[in-house]
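Chemist: Sharing a structure below in structure tokens format, with a few things to ask.
The values are calculated or read from the model by the stated rules, or taken from the named source; none is laboratory data. Please read these numbers as outputs of a predicted model, since none were measured by experiment. Positions of Cβ are backbone-derived with ideal geometry, glycine not excepted, and every protein chain shown enters the neighbour counts.
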Amino acid sequence: MSAVTNISNLSVSSNRNSLVALEHNYSAHQYQEQPHPSITSKTKRLIDILGALVGLAIAGLVAIPVAILMLFDSPGPLFFTQVRCGLKGKTFKIIKFRSMVVDAEKKKHLVKNEAEGNIFKNKNDPRVTLVGRFLRKTSLDELPQFWNVLKGEMSLVGTRPPTVDEVEQYESHHWRRLDVKPGMTGEWGVAYLRDEFFL
């Protein structure tokens, strides 16, 4: 059994035209002629690399007990990936410790969306496992994202990486968030810590 499952059921190869269109849409709505300073900062990139290396070491240690607990709680892959949109609308696969049941995406239509706007959130989402709730509450499920940071797809600090479905619903002013790399944390992450709803 593969260690990674894609809960979005979105294949980049089979949806190539749709994903490429997102990048074209970004270009059409682009506000800045010059790249954001955070994109060209070598210091920020160095901090991201060093932070990612330390974070991956920690993730490796955490993965062992998490994998054991998952065997008893919800057998299946340790990780999951999901297609997200990053800098300039380019798509990438974000990686996390799995916090939901294996067939979570197929059950999404059974869960009520309690959030406003383009995001999907439910405070008591029944698809989240017992181990998953602990991982989310402690943000340990985010640790594998240090791999995305090391690859340059994300930064330690930035905007929340939106899903393809969210970006497809963007209005003109929403596209500005794609002027920078998405981050593992930011203002939205602080809000999450204050409110367990934003899982």
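Chemist: Output the residues belonging to the stretch 129-183 that are farther than 14 Å from residue 55 by Cβ, aliphatic (A, V, I, L, M) and out of contact with any Asp or Glu (no Cβ under 6 Å at 6 or more places or on another chain).
Modeler: 164, 167, 178, 180 - these are the residues of the stretch 129-183 that are farther than 14 Å from residue 55 by Cβ, aliphatic (A, V, I, L, M) and out of contact with any Asp or Glu (no Cβ under 6 Å at 6 or more places or on another chain).
Chemist: Right, next: Criterion first (of a type in the set (A, V, I, L, M, F, W, C) and at pLDDT below 90) does residue 131 satisfy it?
Modeler: Answer is no for this residue.
Chemist: List the residue pairs whose Cβ atoms are under 9 Å apart, where the first residue sits in the stretch 27-44 and is closer than 17 Å to residue 156 by Cβ and β-branched (Val, Ile, Thr), the second is in a loop (DSSP other than H, G, I, E, B) and modelled with pLDDT of 75 or more, and the two are 6 or more positions apart or on different chains.
Modeler: So the pair list comes out as 39/180; 39/181.
Chemist: Right, here's the next one. Quick one: count up the residues across the stretch 166-187 that are over 13 Å from the mean Cα position of the chain (by Cα) and assigned to a helix (DSSP H, G or I).
Modeler: 11
Chemist: Can you pull out the residues in the stretch 174-199 that are of a type outside the set (Phe, Trp, Tyr) and modelled with pLDDT under 80?
Modeler: Residues of the stretch 174-199 that are of a type outside the set (Phe, Trp, Tyr), as a first pass: 174, 176-187, 189-191, 193-196, 199.
Once the filter is applied, which keeps residues that are of a type outside the set (Phe, Trp, Tyr) and modelled with pLDDT under 80, the stretch 174-199 yields 186, 187, 189, 190, 191, 193, 194, 195, 196, 199.
Chemist: Also, quick follow-up: Considering each residue of the stretch 29-79, count those that are touching a Phe, Trp or Tyr at 6+ places or on another chain (Cβ under 7 Å) and in a helix (DSSP H, G or I), and give that number.
Modeler: Adding up the residues that qualify gives 6.
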